[in-house]
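Report on the structure given below.
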Amino acid sequence: MDAKLTLKLKESVIERAKRYASDRKTSLSRLIENYLDSLTSDSTPDFEISPFVKSIATGKSVPLDVEKKNNNDDYIQYQDQKHR
């Protein structure tokens, strides 16, 4: 059974979310439902959730160098040189 939910959000956030949902050919309601379902689900996902997404769910900030810790510095330097 579906139920209505009223949310109060910044207008700019709503507009960006509508564009995001439209680009993915889904409704804003479905997008929010899926997000809330993923946050509250008891099952463990089959994929790793990025630190950024975890920070959204917990409200904790992500260290600025988090990507540097997870990447191979030599490979990054190689890619930088390759694409100059």
| said: Looking at LEU39, LEU7, LEU64 in this structure, which one is in a loop (DSSP other than H, G, I, E, B) and modelled with pLDDT of 80 or more? | reply: LEU7
| Among the residues listed as ASP73, ASP2, ASP46, the single one being more than 18 Å from the chain's Cα centre (by Cα) and at pLDDT below 75 | ASP73
| field | Scope segment 1-17; condition under 17 Å from LEU36 (Cβ atoms) and surrounded by 11 or more Cβ atoms within 10 Å (Cβ to Cβ); matching residues | value | ILE14, ALA17
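The values are calculated or read from the model by the stated rules, or taken from the named source; none is laboratory data. Fair warning: this is a prediction, and the values are worked out from it, not measured in the lab. Methodologically, a virtual Cβ is constructed for each residue, glycine included, from the backbone with ideal geometry; neighbour enumeration extends over all protein chains shown.
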